[in-house]
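Please treat every number below as a calculation from the coordinates, not as lab data. All of these numbers come straight from a predicted model, not from anything done at the bench. Don't worry about glycine lacking a Cβ; one is built from the backbone with ideal geometry, like all the others, and counts go over all protein chains shown.
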Amino acid sequence: MTMTAKQEKLAALFKAATVIPVLTIERLEDAVPLARALVAGGVRTLEVTLRTPVAADAAKAMISEVPEAIVGIGTILNPADLARAEALGAKFGISPGGTPDLLKAAAGSALPFAPGIATASELMQALAFGFDLAKFFPAEQAGGIKGLRALGGPFPNVRFCPTGGVGEANAATWLAEPNVLAVGGSWLCPTAEVKAGNWAGITAICQRTLKSLKAG
Ligand code: 3PG
């Protein structure tokens, strides 16, 4: 697949998703009920972060047992993480940043991939490897909407998925930006709800968020 085709595939996926939950799974047994709860709430595109020892197995379980979910891998920090994501059968990969090694590996891989950027130089590095769709991270902390708009000046063709500090209260504002395809964040699956196994509560958060975005 060409780089352009890969980027467009990811852009379509993000656009259809609108909101992407960033999942940090501590207990393997939570993976499947959590994915089912999110899907039931209308949220199908999920980012499973490689931040816990069970992350890869959690993603694997979601992929095999919740076919309606579109499972991507997040917190990809190096080429080895990228290879893990590919081997798991993830649909996409996301990183909080982008080293030359990682960007090179991702450009050469078939996995649609969004590197993370917070500055113009980081974005220029990503663009040098062909990535014109990036995670803007940490979105609120790295300048918020004003920061993103400023980056849109020199880089009018770059599309973003802002993540970090995005939640129910500001998701719509971010999504109203013309260069924002989707927003990501952990607000859709609060740790307390996961710990308590409150799957209905997570479904309700997803439904409420999607409803408020539609109304806006
Ligand atoms: C991420 O990795 O994308 C962030 O940790 C998510 O940020 P949030 O917890 O502020 O949503």
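A few remarks follow.
- Cβ-Cβ FRET estimate between Lys104 and Asn198, R0 fixed at 45 Å, reported to 0.05: 0.60
- Simple spin-label estimate for Ala16 and Ala215 in nanometres, 7 Å along Cα-Cβ: 2.8
- Nonlocal Lys pairs with alpha-carbon distance under 21 Å, the chain (8 or more apart, or different chains): 17
- The simple Förster model, with R0 at 45 Å and r as the Cβ-Cβ distance, assigns Ala150 and Ala80 a FRET efficiency of 0.85.
- Normalised by 2.2 N^0.38 Å, where N is the number of residues, the alpha-carbon radius of gyration of segment 62-164 equals 1.09.
- Sparse packing (at most 15 other Cβ atoms within 10 Å of the Cβ) combined with a DSSP loop state is found for the following GluC sites (Glu not before Pro) in segment 111-188: Glu168.
- Segment 3-215: C-alpha gyration tensor shape, a/c 1.5 cut-off, then a/b vs b/c: oblate
- Share of pairwise Cα-Cα distances greater than 17 Å in segment 1-107 is 51 percent (whole percent).
- Three semi-axes describe the equivalent ellipsoid of segment 3-53; taken as square roots of 5 times the Cα gyration tensor eigenvalues and ordered largest first, they are 24, 15, 7 Å.
- When you restrict to C-alpha pairs under 8 Å that are six or more residues apart and normalise by the size of segment 3-215, the relative contact order lands at 21 percent.
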